[in-house]
Every structure is written in C-alpha cells, then in structure tokens.
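**Student:** One structure is given below, represented as structure tokens, and several questions about it will come after.
The values are calculated or read from the model by the stated rules, or taken from the named source; none is laboratory data. Just so you know, these numbers come straight off a predicted model, no measurement behind them. Virtual Cβ from ideal backbone geometry, glycine too; neighbours counted across all protein chains shown.
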Amino acid sequence: MGASGSSTTPGGGGCHYHAPPLTTPSKLSPSELLFLNGTRVDSNSLSIKNGNKEWFEFVNMRNERKWKSSDMTEAQWRQATETFNARTSPHDVVPKKVSAVKKCLRDLEAAIEKRHAIADYNSPLCFDFFELSFH
C-alpha cells in the first residue's frame, strides 16, 4: 500500500482499491449526501419522480417503444435503461439504475390500470391545456 493508503497493485496480497473522492453535488439534502458518501450511489439514480421532466420523458418513451413490464427480459430492462439515460443525459439528469426504470414502469402501469378500472379517463393536464387553448 502506498503512503496515501491506497493500493497500487491489482489483486495483490489483500490490497483494496479505494474509489476516487466524489465531488459534492450542490442539490442534495444532508441525508442524500450521507447516503452518497456511504454507498457511492446517488439516491437520484434510484427513482424517476412522478411529474417532473424526466418522468414525462419516460412516459413518452414508454408509449413510443411500447414497453410493457410483463413482457420485458433482463436484457430489455438494461436496454430500456440505457436508452432512457442516453435520451435524458443532455438535460443534466442523473443516470438511472435499472431498478428505477422497472419501478417507474410498474407504477405507471398500476396507475393506468387503476384509472381504467374506475373509468377515470380525464387528465387534469390535458383539461387545463384545452381550457387555455380554446377559450
């Protein structure tokens, strides 16, 4: 081990490589920073939050690509995640993990099924758009 406490030879004698220090993202809460420093995982990579820009992009991609969670293999989940991350990367969005894409798609499908079961086909967003557009 070198003077800095990090290993310099791969796989040699029980030495371990240490991850490089992370830069401190400015928009993380104290608990998110604690999670990031403890796990080296940005908590924003673990979910796609309903109603923000990335969520709407995900919904559009689901419609374009006809994603259906029950039909997807692990390879298709990975491909969907890579495609989503590639599409959102120019917008300074934290790349998502496969688990985030799975959860978002399953939550979206459950919400659609629930609204379909009670015949709730109204969208407040569309209604507001038409109210503003035609009056």
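**Student:** Just one of (1) touching a Cys at 6+ places or on another chain (Cβ under 7 Å); (2) at pLDDT below 85 trips up Ile48, so point out which.
**Tutor:** (2)
**Student:** Are any residues in region 86-104 surrounded by 18 or more Cβ atoms within 10 Å (Cβ to Cβ) and polar (S, T, N, Q), and if so, which ones?
**Tutor:** Matches in region 86-104: Thr88 only.
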